[in-house]
1. Consider residue A:136 against the criteria (1) more than 9 Å from every other protein chain (Cβ to nearest Cβ); (2) surrounded by fewer than 20 Cβ atoms within 10 Å (Cβ to Cβ); (3) touching an Asp or Glu at 6+ places or on another chain (Cβ under 9 Å); (4) farther than 19 Å from residue A:233 by Cα: it satisfies all of them except one. Which criterion is unmet?
2. Hey, among A:207, A:297, A:222, which residue is touching a strand residue (DSSP E or B) at 6+ places or on another chain (Cβ under 9 Å), among the hydrophobic types (A, V, I, L, M, F, W, C) and free of Cβ contacts under 8 Å to residues at least 24 places away in the same chain?
3. Quick one: would you say residue A:131 is within 12 Å of chain B (Cβ to nearest Cβ) and modelled with pLDDT of 95 or more?
4. Do you know which of the residues in region B:237-257 that are free of Cβ contacts under 8 Å to residues at least 40 places away in the same chain and not small (Gly, Ala, Ser) is surrounded by the most Cβ atoms within 10 Å (Cβ to Cβ)?
5. For the list (1) more than 23 Å from residue B:200 (Cα to Cα); (2) within 14 Å of another protein chain (Cβ to nearest Cβ); (3) without any contact (Cβ under 8 Å) to a residue 40 or more places away in the chain, I need the number of the one condition that residue A:94 fails.
6. Could you pull out the residue among B:46, B:32 that is over 18 Å from residue B:259 (Cα atoms), surrounded by fewer than 19 Cβ atoms within 10 Å (Cβ to Cβ) and modelled with pLDDT under 90?
7. Restricting to region A:191-222, name every residue that is at pLDDT 95 or above, outside any helix (DSSP H, G or I) and aliphatic (A, V, I, L, M).
8. Within region B:61-72, can one find any residue that is surrounded by 15 or more Cβ atoms within 10 Å (Cβ to Cβ), small (Gly, Ala, Ser) and in a strand (DSSP E or B)?
Amino acid sequence: MSIHPSSPYLEVPPSARWREAVAGRAPDEIDPHAGPGCVIAATDRVAAAGSCFAQRISAAIKDSGYNYLLMEEGPPFLSEEQKAAMGYGVYSARYGNVYTALQLLQLFQRAFGRFEPQEPLWRMLEGAFVDPFRPAVQPGGFHSEAECLWDRQTHLQAVRRMFETLDVFIFTLGLTEAWLSAADGAVFPVCPGSGLGGVHEPGRHVFHNFTAAEVIDHLEQFLALLREVNPGAKVILTVSPVPLMATFEPRHVLQATTYSKAVLRVACEEMVRQYADVHYFGSYEIVTATGDSRAYFAEDRRTVSEAAVGHVIAYFRRWSTMDQQPAPQRAAPAEQPSTDGETMCDEDKIEAALRDAEMGAAR
Amino acid sequence: MTGETYLGRANPIYFIGESHTLPFRDGLFRPQAPGDTFLGRVRFLQSFASRWLEGDGVHPNILKAMQAEQLLDDEGNPAYLAKDRLTFRTAEVSGVPVRDPVLVLFAGDLDVFDMLRQTGKGYDFDLPDDPGYGVDRTLTPIPFSAIDMRLRNTFLPFISACGRLREAGFGRVMIHSLPPRPRAAEMFDLPGSPGMRVKLTVFANRILRQACANLGMPFIDVWDDLTDGLYLRPEFCLKDGVHLTRSAALFSWTKIVEKMRQAG
C-alpha cells in the first residue's frame, strides 16, 4: 500500500512523527517542542510558582543566569540554607507550594485585596500559629497571631509587587485534588490536620477534585486579572510530572494521578490555543514520556532524578532563547534522587506524619 | 612620715570581654556595708564578639588575657589551684588568700550590633512577652524564630566557654547583661531600627540569663536600676548611645559584690 500524494501527513514536520521524533532516540535527545517557545530576554524579570517540582525549576532558573525575581529575601543575617528552610528564595515570594490553579487565582485575589478568606489561622499541636494558605513556610509556626498576620500582610504586598512588575510568570500545575473551605471556597495547599497545623472539621473543610472545565476557568480568571495589572506579562505553564502522594478519591492512586495530569495538561493546552501570550513547556512530557523511567525517577517511582531535571532545564534554555543551545549530556543511569537543597514538599511532610501516626497506632 | 596613708588592699575583680568592661577599668569600689574594697582589673578584647571557643577549647585570646592577669599558669591551668609551695608562700606574704578569682564576663553586644548592621533600619520583629516596646508594622517582619536561632547559635561559643571555665575551676564566673538602650534613639546614628535594637538586646539578655541559670552561674542584671522600665535613663548614657557611664557601673559593682557574698 502506498500513501497518496494528496495526504496532508506528507507535509507534517519530523517532530510530528513518532518514528522520527521519539522512536529509537535516547531520552535526553527527545525535545517535545516543535519550535522555539516563549523567548525570555536576559533583562526579563522572571517569577515562578507552583507545586514541589516547581522548586527544581526555580532553583535551576536562578542558577541559569535568568533575571529571577526575588521579592522576599529573608532576614539578611541568615545563611542561604537557613533562609531556604524558612521558605525564602524557594520561589519569587514566600508563598510556599501553589498546587492548583484556584490556589494561584486566590493568591492573586488576596494580594490585590479582592478576596479575604474567612478561615482563621491554624494552630499547631504545640500551639504555634500557622497561615493556612502557606502552612509550610514557617517551620514551627509563628509565636503569635499578630506575628503571623503581619508576616502574611507583608508577604501579600510582595506578591502584589511581583505580579505588577514581572515580565514572565512560570507556573507549574501540580494537582487537581484539593481541600476547600465550605464557607467561602478558599482553597488550602494541604488538608487541615495533616501535620502542618489546623484541625480537619468535616463540616468546614470539603474535598474537591477539579475538572478540566474548572481548571480552565480558574486559569482564565487569573490571566484576566494579571492582564489588568500587567498587560505585557507572558505566562509559561507546565505540568508537574510528580505523581500524587495520595488520593482522596475512591480509586487507585495511579488512576487518580493519570486523571489529574490529564486534566492539567488539557487545561494548559486550552490556554495556549486561546491566548497568544500563554505558552506551554513540556517538562511533563520530558520526564514521563521519554520512555526511560529508571533514569528519570528514583526507585519510589515518584522522586524526579537530577538527570531528568537537567534534561528539563537544558531544553527550557533552548526553548526560551533565540539561540540553539548544545544538546544536553546523555542521561546517567538510574541514580539516587537529588537531595540538593532539600525540596520543600508538603506532601512528603504529610506522608511522614501519616507514617508516624501509623507506627504509633501499631504500638 | 609626713601624712602618707596606707589605704589597705583592694581585691581584684576581673572584667573580661567587649568594651562594656571599660567603665570598670582601674575602678575602686567599696560597698556600703563594711568590708573589702574591690579593684577593677579589665581585659578589653577589641572586636572579639562571642567567638569564645576555638576548636574544642576556649579561644586563645581569652587564655592570653587570663594569663596576662596571672589567672592561668604557663600550662593554661587556673593559677590559684597550683598547690605548690610558691603559691602558698606568695599568699602568706601578700596577705591575699588563695581562692578562685571573680571573673565578670562580657560578650554579645558586638554580635547584636552585627545583626543590626546587616538588617539596616527596615526591619522589626514581634518579641514574645513584650514588656511594652511594641512593633512597627510598617517595617518588614523578621520571624521571631529566625532571631531566636541566630542569637542562640551566636552565643553558644561564649556560653560554652563560660561553662568550661567553671569546669576548669573558676567557680566565681559571672556573666554581665548587655546594657539597656536609650529611648531617644534618633539622637544617635546607630544601626538597625530602634525597635530591633532594644528588643534584640532584651532577648539576648533572656538567653544569657537562662544560660546562667543552667550553668548555676550569677547573671549581673542592672536593667531595673538603670532604666525607666523600658529604656536607659539619659543620665547613665554616654554620648555614643551605646556605652554606660561610670556612675552606671556602680550598680553593677553592687550586684557583683552581692552575688559574691551570696555564694560565700
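1. (2)
2. A:297
3. Working: within 12 Å of chain B (Cβ to nearest Cβ): yes; modelled with pLDDT of 95 or more: yes.
Yes.
4. Pass one, region B:237-257, residues free of Cβ contacts under 8 Å to residues at least 40 places away in the same chain: B:238-239, B:247, B:251, B:255.
Then keep just the ones that are not small (Gly, Ala, Ser); that gives B:238-239, B:251, B:255.
Details: B:238: 13, B:239: 8, B:251: 18, B:255: 20.
Of everything passing the filter in region B:237-257, B:255 is surrounded by the most Cβ atoms within 10 Å (Cβ to Cβ).
5. (3)
6. Details: B:32 fails: over 18 Å from residue B:259 (Cα atoms).
One residue alone meets the criteria, B:46.
7. Within region A:191-222, just A:206 meets the criteria.
8. No, the conditions are met nowhere in region B:61-72.
The values are calculated or read from the model by the stated rules, or taken from the named source; none is laboratory data. Remember, predicted model here, so these are calculated numbers, not experimental data. Glycine gets a Cβ as well: all are built from the backbone with ideal geometry, and neighbour counts include every protein chain shown.
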